[in-house]
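Enquirer: Got a structure for you, questions after.
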Amino acid sequence: MAEQVRKVREIMTSEVVTIGMDETLEAARSVFNQRRFHHLIVIEGGKPVGVISDRDLLKNISPFVGVRMSERPQDIETLRRRIHQIMTRRLVSIEPDAPAAQAARSMMHHRVSCLPVIENGTTLVGIITLRDLVRWVVLDSLQE
């Protein structure tokens, strides 16, 4: 019996949260604090142009922000930087009907932890992350 090839659209997250490239790091921090995910797709003119991760954010915000005794004006200033200053511009994406295994290979090859899922080269329809792929592998192994 032939094994069914799982498609990206079957395991991707459809609810994609985006942020404008001219938004501040403070805005991104607020989104990450309110939601349970690790990547934001950066958009310009309604089109995806980059990605920012919670790790990117942590690397670019002063560790003294919010520490009352140690916080200085230059620490607060790190929150005013713009998304486009720290985002990953090399956008590696995948089509929703591509095999899930292709998404895994692409992430490994490009050393990224997520891929925006873009239909017809223009429409953002989801995001697939390493966590999505691990969940898929685990669930498939439990069904065997």
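The values are calculated or read from the model by the stated rules, or taken from the named source; none is laboratory data. Computed from a predicted structure; not experimentally measured. Don't worry about glycine lacking a Cβ; one is built from the backbone with ideal geometry, like all the others, and counts go over all protein chains shown.
Enquirer: Kindly provide the set of residues from region 89-98 that are within 26 Å of Glu10 (Cβ to Cβ) and in contact with a Gly (Cβ under 7 Å, 6 or more places away or on another chain), ordered by number.
Expert: Residues satisfying the conditions are Leu91, Pro96.
Enquirer: For region 50-69, which residues satisfy the criterion of being more than 11 Å from the chain's Cα centre (by Cα), of a type in the set (A, V, I, L, M) and either at pLDDT 95 or above or surrounded by fewer than 11 Cβ atoms within 10 Å (Cβ to Cβ) (or both)?
Expert: Correct list: Met69 only.
Enquirer: Please find, within region 70-95, the residue that is modelled with the lowest pLDDT out of those that are more than 30 Å from Val5 (Cα to Cα) and in a loop (DSSP other than H, G, I, E, B).
Expert: Filtering region 70-95 for residues that are more than 30 Å from Val5 (Cα to Cα) and in a loop (DSSP other than H, G, I, E, B), the one modelled with the lowest pLDDT comes out as Glu71.
Enquirer: Let me ask something else about it. Being closer than 19 Å to Thr18 by Cα, without any contact (Cβ under 8 Å) to a residue 40 or more places away in the chain and either not in a loop (DSSP other than H, G, I, E, B) or not aliphatic (A, V, I, L, M) (or both) is the requirement here; does Gly121 meet it?
Expert: Taking the combined requirement at face value, the residue satisfies it.
Enquirer: Being in contact with a Pro (Cβ under 9 Å, 6 or more places away or on another chain), of a type outside the set (Val, Ile, Thr) and crowded, with 17+ Cβ neighbours inside 10 Å: is that true of Met12 here?
Expert: Yes; evaluated as a whole, the condition is true for this residue.
Enquirer: Could we say that Val42 is at pLDDT 90 or above, in a helix (DSSP H, G or I) and of a type outside the set (Ser, Thr, Tyr) here?
Expert: So Val42 does not fit the description; no.
Enquirer: With respect to the numbered conditions (1) at pLDDT below 95; (2) more than 17 Å from the chain's Cα centre (by Cα), which one is the sole condition not fulfilled by Ala98?
Expert: Among (1) at pLDDT below 95; (2) more than 17 Å from the chain's Cα centre (by Cα), the lone unmet condition for Ala98 is (1).
Enquirer: Counting only residues that are in contact with a strand residue (DSSP E or B) (Cβ under 8 Å, 6 or more places away or on another chain) and either more than 26 Å from Arg135 (Cα to Cα) or assigned to a loop (DSSP other than H, G, I, E, B) (or both), how many does region 3-14 have?
Expert: Total meeting the criteria: 4.
Enquirer: From (1) surrounded by fewer than 16 Cβ atoms within 10 Å (Cβ to Cβ); (2) of a type outside the set (Lys, Arg); (3) within 13 Å of Lys7 (Cβ to Cβ); (4) under 12 Å from the mean Cα position of the chain (by Cα), pick out the condition that doesn't hold for Val117.
Expert: Answer for Val117: the failing condition is (1).
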